[in-house]
Amino acid sequence: MSKAVVVFSGGQDSTTCLLDALNRFDEVHCVTFDYGQRHDGEIQAAERICQQLGVPVHKVLDVGLLNQLAISSLTRDNIAVSHELMDNGLPNSFVPGRNILFLTLTGIYAYQVGADTIITGVCETDFSGYPDCRDEFVKALNKALELGMDRPLIIETPLMWLNKAQTWALADKLGRLDFVRQQTLTCYNGVIGDGCGDCPSCDLRKAGLESYLADKDAILASLSR
């Protein structure tokens, strides 16, 4: 029996990965992390989507320690999410160590339930500039987890080389574009669906959708290349 664990936030990317995983694996578990993020609507969206899709096991793990250690606009209400970059060249929404922690804990969970695949929606092609979304990082951590737990493990990144328009195309190819558009929460200000329309995450999501809808056939075709 093939078994996978999806790192699941309830956003566009992880939901698209979950839909894809449900088609490819016999058993799919989801793990969502509560790190005191800017809005708890993210966790509520993840729980609701898992129920709607019939995910058999959905774990919400408390990792509040990350909130204490990582200062970011996504962990502090008094820091506004900004389009401007910080002095280090990163957006102020970057949460240092987040994907290191999430993937490590998911690896431990996968070990316990006998899953040999972790799926995460990180993307290097069309992303927000987060260093822990890069392919190089994922491959390095994948190797470290295999060595540290002495068992084969695959971290899959189905969206790594897709832009946002192609991510929308994948959701459409799976027959769930409207579901992803209406039910997911990507907005940094906690507005479900199309979001607030003003934050960097909403800008990226909207631009990708408009690009896809303007040239659906060509972008769908690009997924099979």
Output the residues belonging to the range 117-173 that are outside any loop (DSSP other than H, G, I, E, B), aliphatic (A, V, I, L, M) and open to solvent by 20 Å² or more (accessible area, probe 1.4 Å).
A140, L141, A144, L147, M149, I154, L170
All but one of (1) hydroxyl-bearing (S, T, Y); (2) modelled with pLDDT of 95 or more; (3) surrounded by 17 or more Cβ atoms within 10 Å (Cβ to Cβ) hold for S93; state the number of the condition that does not hold.
(2)
Considering only the range 201-214, state which residues are hydrophobic (A, V, I, L, M, F, W, C), closer than 14 Å to D13 by Cα and either in contact (Cβ under 8 Å) with a residue 60 or more places away in the chain or open to solvent by 60 Å² or more (accessible area, probe 1.4 Å) (or both).
L204
Does the range 46-55 contain at least one residue that is modelled with pLDDT under 95 and crowded, with 16+ Cβ neighbours inside 10 Å?
no
Candidate set from the range 4-35 (those that are open to solvent by 40 Å² or more (accessible area, probe 1.4 Å) and in contact with a strand residue (DSSP E or B) (Cβ under 9 Å, 6 or more places away or on another chain)); member that is modelled with the lowest pLDDT:
D34
Can you find a residue that is modelled with pLDDT under 95 and part of a helix (DSSP H, G or I) anywhere in the range 183-196?
no
Criterion (open to solvent by 20 Å² or more (accessible area, probe 1.4 Å), free of Cβ contacts under 8 Å to residues at least 24 places away in the same chain and over 26 Å from L22 (Cα atoms)) met by exactly one of D194, D178, D198, D217:
D198
Could you tell me whether any residue of the range 21-40 is outside any loop (DSSP other than H, G, I, E, B) and under 13 Å from F179 (Cβ atoms)?
yes
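The values are calculated or read from the model by the stated rules, or taken from the named source; none is laboratory data. All values reported here derive from a predicted model rather than from experimental measurement. Reconstructed Cβ throughout: ideal geometry from the backbone, glycine too, with neighbour counts over all protein chains shown. For the accessible areas, the whole protein counts, side chains as well, though only heavy atoms, and no ligand, DNA or RNA atoms are used. Shrake-Rupley method; radii C 1.70, N 1.55, O 1.52, S 1.80 Å.
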